Structure formats: structure tokens, C-alpha cells
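**Student:** Right, I'll just put the structure down here and ask away after.
The values are calculated or read from the model by the stated rules, or taken from the named source; none is laboratory data. Just so you know, these numbers come straight off a predicted model, no measurement behind them. Cβ sites come from the backbone with ideal geometry, for glycine too, and all protein chains shown count toward neighbours. Surface areas here come from the heavy atoms of the whole protein model, side chains and all, with no ligands, DNA or RNA. Shrake-Rupley method; radii C 1.70, N 1.55, O 1.52, S 1.80 Å.
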2 protein chains.
Amino acid sequence: MKVLVVGANGQIGKHLVSLVQDNDSLEAKAMIRKQEQASFFENLGAETVMADLEGEVETIAKAAEGVDAIVFTAGSGPHTGSDKTLMVDLDGAVKTIEAAKVAGVKRFIMISSFDTRREAIQAAPSSFAPYVVAKHYADDWLRRTNLDYTIIHPGALTNDKGTGEVNAAEEVERGQVPREDVASVIVASLENDSTIGKEFQVVAGTKPVNEAIKSL
Amino acid sequence: MKVLVVGANGQIGKHLVSLVQDNDSLEAKAMIRKQEQASFFENLGAETVMADLEGEVETIAKAAEGVDAIVFTAGSGPHTGSDKTLMVDLDGAVKTIEAAKVAGVKRFIMISSFDTRREAIQAAPSSFAPYVVAKHYADDWLRRTNLDYTIIHPGALTNDKGTGEVNAAEEVERGQVPREDVASVIVASLENDSTIGKEFQVVAGTKPVNEAIKSL
């Protein structure tokens, strides 16, 4: 299965491309914004393709040609303003969803935020709420498609080394989770079609990733 | 017909409440954020109600109790950041739409931006694009409801005195339009149920407002 990783150059993205390349039944196509980002992925033996989430749907659709699944793990990051939250986390996500339709790619995995429900927007601190709004509408857009989607809602991301063990369910207690383990959860979701049409929260836990995902 | 004006204290909002109060078959309920904003509307004989677009849907729904129509003409304004664009222009609009459903108010008039289509997002200068994104998704949300909606797409707003004459159609050439004339267009839309389920662009022109709206 060939997987377009949107946001490949991000922290989860890099773990993900690495895990995908280590997996015999998967191969990655890393979508990147700048040519200088390519070498990291080429060293992993992964294909790369240049496309900008602020560009046209058609450009992203072209990047998605020939893949079997798309993983959206892009994020405008904490150092940009809310303008980029609107352009990347909301509109870039929706354009990627539309590109999946154009390219005829049915399988779509969205890396969302821990809780993107209406109540979570209202409860969020004012500095975080705009991001939750963006993710709320991106998730909503995906749910209304006919794509074979999975929406993953990770807890607070850390750079700790992955443990390979998580706690995943429709609702779990808020907590942290290493980015490396989120990448493992994405791979397990790609390998388990039982996750199609589902969404779940995931934090650090005690169940091996594959078991946790199978039992969702 | 009683009309909840959301964004009453804005520049179009003030013109609108004034025109509504001058109209024998209409009365305004001005939704405001601060008590000190009330006197302007009380002097026009209009009812006021306090509610914040960043608050709960239920608060806005309570403000909408007993009205027959809602006009959304709020905007975060050019002096705030994109965080407010997300919270007010997008999420505040959607919450108002949801509040209309909760309160059982079928008639909904949205003051949008001149062009909120995908192509317009891509074509917009980077400083304006995030605003277009917010309006794009708010308009989209409204179209997917069962409300009796009208979406008005005004050209570049000016503070010129209204002429009472406009050019309105599904697509018109880009141009300016006085805020006072936009307020007249809103009143004419409230008075003409033929605008239900429609959206149109409006700029300064040569047709009397009521005639322009009737012939849409």
C-alpha cells in the first residue's frame, strides 16, 4: 500500500515515513514544500513530491496520484499566527480531502486534535480555541465525505521515545502521548480496515499499539 | 416581523437597525456585547439583548427567542487578528446558525464577503485570504441547513452616503458599495421572500434597491 504523507516534514510525519519504510507492506510518498526537505526522505528510500497546502486542490491531487491512502498530519505549528491556522489546519486539510476525491484515493487518515467537539471549543483557553475551531471544521468536512476515513485524536504530543503501548478509545482520559507512538497508531490504522469510519482518542497507555487499534 | 441583528454595533448593523426601526412592518432586536452599546439602539426605540458570539450557542439562541428572522452582519473587523476571524467570522457565524435552529427561527440573512468561492480563496492576497476562508466555511454551513436563508455578497464597503440604487445579481462586476445601501438591501431581502434560498453579489448601481432585489 502506497501512502501519501501530507505534512511529512513535521515531527509526526518524519516518524511516520520512517515506520512506513520499515514496513514490508507499506511504502511512503512524502509530500514536502521545499526541495531541501527531500534528502531526509530520500535517505529512507521514500519517494517525495513537492506540493504546497496553500496551493490549488489540483496540485495536491496530482501529488496523490498513484497512492492508496492519504495521511494528513500537517500543522501550521505553534510559531505561526492564526492566519496559517485558517490556511493550513482548516483550508489545507479540506483541500487535501477534496484532492483525495479528485485523485480517487478512498482511504484517508486525519490527525486531529484531542477533542474538537463544540464543547471543547467553548472550554479551550482563548489562545488555543482558534486551533480547535480549525480542526473542528476540518474533521466535520471529512465526516461528510464518502471517503474511508479514520480520525485520530491524540493527546498532548511529546518528543519522548515511543513505548509502543497506548490507550485508545472513543473517549479516554486526557494525557500525553509520544509523537513516535502516534506514528505507530497511524501505521496500525492503515493496516486495520476495522478503523474505517471511526474516530478515537489516543494517549500513552499499556496496550500494544496493534492490539489497541484492533480492539477499537 | 421582529429581526435579531447580530453585529448590531457594527457599521452596517447600525444603519440596519435604524432602517428597520423606520419601517412600519419591521422591528429590531439589537444583539450587543456591552451594556454601553445599548443607548444608541434605545434611542432608535429598538430592543437590545446582550450576547457574545464567542459564548455558547444557547446564549445566542436565548437572544433569538421571539424573533422571526436573524441577520448576521457581525465581523471581527480589520484591527483584530486571524484568531478573531476564526472565533467570530467563522465559528460565531456557525453558532448563530445553530442558535437559529435551536430557537426555531427559520429566516436567516447572512452578510458574507463579495466572493467566498474556492477560486476566490486561491486568488486572494495572503493578507485577505484567511478572512475569505472563514466566510467560505460559514456560508457553506448555512447552505447545508434547512433554514430559509439568503446570502448577500457585498462589494468593497464604503462609508459613502447610500444612494438607494444598486446592482445585484448572482455575479456582478467587482466594485464598491456604501454600507447604508447594503443595509437597504438587507431590509428589501427581509421584505421579499423571493430571496429565500438565494445568494447574490451587490455593488453600487442604478436600480432602486427594492426593484433590484425583486428582480433577482
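**Student:** Ballpark to the nearest 100 Å², how much total accessible area do B and A bury together, probe 1.4 Å?
**Tutor:** Details: alone 10050 and 10080 Å², together 18210 Å².
Buried surface at the B/A interface: approximately 1900 Å².
**Student:** Where a ≥ b ≥ c are the square roots of the eigenvalues of the C-alpha gyration tensor, would you call chain B rounded, which needs a/c under 1.5, or, failing that, prolate if a/b is larger than b/c, or oblate? Write down the numbers at each step before the final one.
**Tutor:** Details: a/c = 1.37, a/b = 1.09, b/c = 1.25.
The shape class here is rounded.
**Student:** Ok, one more. Run the dipole for the range A:2-214 about the Cα centre, Lys and Arg Cβ at +1, Asp and Glu Cβ at -1, nothing else charged, and hand back the magnitude in debye, nearest 20.
**Tutor:** Working: 22 positive and 32 negative charges, 50 e Å.
Once rounded to the nearest 20, the dipole reads 240 debye.
**Student:** Sticking with this one: How far is the Cα center of the range A:1-27 from the Cα center of the range B:53-110, in Å?
**Tutor:** After rounding, the separation between the Cα centres reads 41 Å.
**Student:** Moving on to the next point. Other chains near A:113-121: what is the mean number of their Cβ atoms within 10 Å of each residue's Cβ? Each step should come with its number before you reach the end.
**Tutor:** Values: counts 0, 0, 0, 0, 0, 6, 1, 0, 5.
That average works out to 1.
**Student:** Follow-up. Going by Cα centres, the range B:148-183 and the range A:154-216 are how many Å apart?
**Tutor:** Going from one Cα centre to the other spans 51 Å.
**Student:** If you take each beta carbon of peptide A:122-133 and count the beta carbons of other chains within 10 angstrom, what is the mean? List each step's numbers first, then the result.
**Tutor:** Values: counts 6, 0, 0, 0, 4, 1, 1, 5, 9, 2, 2, 10.
Per residue, the number of nearby Cβ atoms from other chains is 3 on average.
**Student:** How far apart are the A:GLU58 label points across copies, placing each 7 Å from Cα toward Cβ, in nm, shortest first?
**Tutor:** Taking the point 7 Å beyond Cα along Cα→Cβ, the inter-copy spacings are 4.9 nm.
**Student:** Quick one: which residues, 5+ away or cross-chain, put their amide H under 5 Å from the amide H of A:ASP148? H built at 1.01 Å from N.
**Tutor:** A:ARG107, A:PHE108
**Student:** Please list, ordered by chain and number, the residues whose modelled amide H lies under 5 Å from the amide H of A:VAL3; skip anything fewer than 5 residues away on the same chain.
**Tutor:** A:GLU27, A:ALA28, A:LYS29, A:ASP68
**Student:** Taking a label point 7 Å from Cα toward Cβ, how far is B:ARG144 from its twins in the other copies, in nm, shortest first?
**Tutor:** 0.2
**Student:** Hey, with R₀ at 41 Å, roughly what FRET efficiency would A:LYS161 and A:PHE128 work out to, going by the Cβ-Cβ distance, to 0.05?
**Tutor:** Numbers: r = 26 Å, r/R0 = 0.64.
Efficiency computed from Cβ-Cβ geometry: 0.95.
**Student:** 222 nm [θ] for chain A, helices only, -39500 (n - 2.57) per DSSP H run of 4+, per residue, to 500? All intermediate terms of the calculation are to be shown ahead of the outcome.
**Tutor:** Values: 8 runs with 78 residues, N = 216.
That calculation yields -10500 deg cm²/dmol at 222 nm.
**Student:** Out of all DSSP beta bridges in the range A:2-214, what portion is antiparallel? Express it as a percent rounded to 5. Walk me through the intermediate numbers first.
**Tutor:** Working: 6 of 36 bridges.
That works out to approximately 15 percent antiparallel.
**Student:** Pop out the ³J(HN,Hα) list for the range A:78-89 in order, Karplus 6.51 cos²θ - 1.76 cosθ + 1.60 with θ = phi - 60°, rounded to Hz; leave Gly and Pro as x.
**Tutor:** Result, rounded to whole Hz: x, 9, 10, x, 5, 4, 6, 4, 5, 6, 9, 5.
**Student:** Largest first, please: the extent of the C-alpha atoms of the protein assembly as shown along each principal axis, to the nearest Å.
**Tutor:** 74, 42, 34
**Student:** In terms of the Cα gyration tensor, with a ≥ b ≥ c the square roots of its eigenvalues, is the range A:150-195 rounded because a/c is under 1.5, prolate because a/b exceeds b/c, or oblate? Let's see the in-between values first.
**Tutor:** On the way: a/c = 2.16, a/b = 1.29, b/c = 1.67.
Oblate, since a/c reaches 1.5 and b/c is not below a/b.
**Student:** Could I ask something else about it? What are the distances, in nm and sorted shortest first, from the label point of A:ARG174 to the label points of the same position in each other copy, with each label point placed 7 Å from Cα along the Cα-to-Cβ direction?
**Tutor:** The answer, with the shortest distance listed first, is 4.3 nm.
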